[in-house]
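S.K.: Pasting a structure here, questions to come.
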Amino acid sequence: NILFKYDEQKTLRDIKFVDYQLMFWGSVAMDIYNFMMSSWQIDLKVSKFDELLRFYFEKLIENLKILKHERKLPTFEDLEGELLRKGFLGEFSGMFCGFES
């Protein structure tokens with residue numbers, strides 16, 4: 001989460017990061033599973049997972065290009081493989097976020 005501070009003229013004056021408790025360097029699967037389990041309704045988790053994952057991937061690639069990512073860009077298959085290899089993270093996130101959210 002990011003907190004923005006504006007002056008009276010609505011000019012951005014300061015930015016602060018908040019909620020550091022989940023900041024770490026790790027698998028993209030953790031971000032996806034955590035977001036999915038904490039934010040999506042159960043029917044979306046079941047019926048729209050592939051569509052939402054594709055949207056996430058397209059935005060990820062778009063932003064990596066904007067940021068001039070210097071390494072080889074991941075493929076959608078790379079992302080799917082990471083989610084399969086780290087599937088236990090979805091179960092772990094579900095324990096804390098609730099599968100029925």
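S.K.: Might you check whether a residue that is free of Cβ contacts under 8 Å to residues at least 12 places away in the same chain and on the phi > 0 side of the Ramachandran plot occurs anywhere in segment 59-73?
M.R.: For segment 59-73, residues free of Cβ contacts under 8 Å to residues at least 12 places away in the same chain and on the phi > 0 side of the Ramachandran plot: present.
S.K.: Would you check which residues across segment 14-31 are surrounded by fewer than 10 Cβ atoms within 10 Å (Cβ to Cβ) and modelled with pLDDT of 80 or more and list them?
M.R.: D14, I15, K16
S.K.: What are the residues in segment 32-43 that are modelled with pLDDT of 80 or more and open to solvent by 50 Å² or more (accessible area, probe 1.4 Å), if any? Talk me through it step by step, then tell me what you get.
M.R.: First, the residues of segment 32-43 that are modelled with pLDDT of 80 or more: 32, 43.
Within segment 32-43, just D43 meets the criteria.
S.K.: Take L89 and tell me if it is at pLDDT 85 or above and either over 29 Å from L3 (Cα atoms) or assigned to a helix (DSSP H, G or I) (or both). Reasoning before the result, please.
M.R.: Values: at pLDDT 85 or above: no; either over 29 Å from L3 (Cα atoms) or assigned to a helix (DSSP H, G or I) (or both): yes.
No, not satisfied.
Here is a yes/no grid of residues against (1) open to solvent by less than 80 Å² (accessible area, probe 1.4 Å); (2) at pLDDT 90 or above; (3) under 12 Å from M36 (Cβ atoms); (4) assigned to a helix (DSSP H, G or I):
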residue	(1), (2), (3), (4)
F57	yes, yes, no, yes
E62	no, yes, no, yes
K72	no, yes, no, no
L79	yes, yes, no, yes
M95	no, no, no, yes
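S.K.: Search segment 32-47 for residues that are touching a residue at least 40 places away in the same chain (Cβ under 8 Å) and within 19 Å of K59 (Cα to Cα) and pair each with any residue that is open to solvent by 60 Å² or more (accessible area, probe 1.4 Å) and of a type in the set (D, E) when their beta-carbon atoms are under 9 Å apart and the residues are at least 6 apart or on different chains.
M.R.: Short answer, once both residue conditions are applied: Y33/E91.
S.K.: Do any residues in segment 75-86 that are closer than 9 Å to F57 by Cβ have Cβ atoms under 8 Å from those of residues that are of a type in the set (F, W, Y), where the two are at least six apart or on different chains, and which pairs are they?
M.R.: Taking only residues 6 or more apart or on different chains, the pairs are F76/F57; L79/F57.
The values are calculated or read from the model by the stated rules, or taken from the named source; none is laboratory data. Keep in mind that what you see is a predicted model, and the values were worked out from it rather than measured. Every residue, glycine among them, receives a Cβ derived from its backbone with ideal geometry; neighbour counts consider all protein chains shown. The area values use the complete protein model at the heavy-atom level, side chains included, leaving out ligands, DNA and RNA. Shrake-Rupley method; radii C 1.70, N 1.55, O 1.52, S 1.80 Å.
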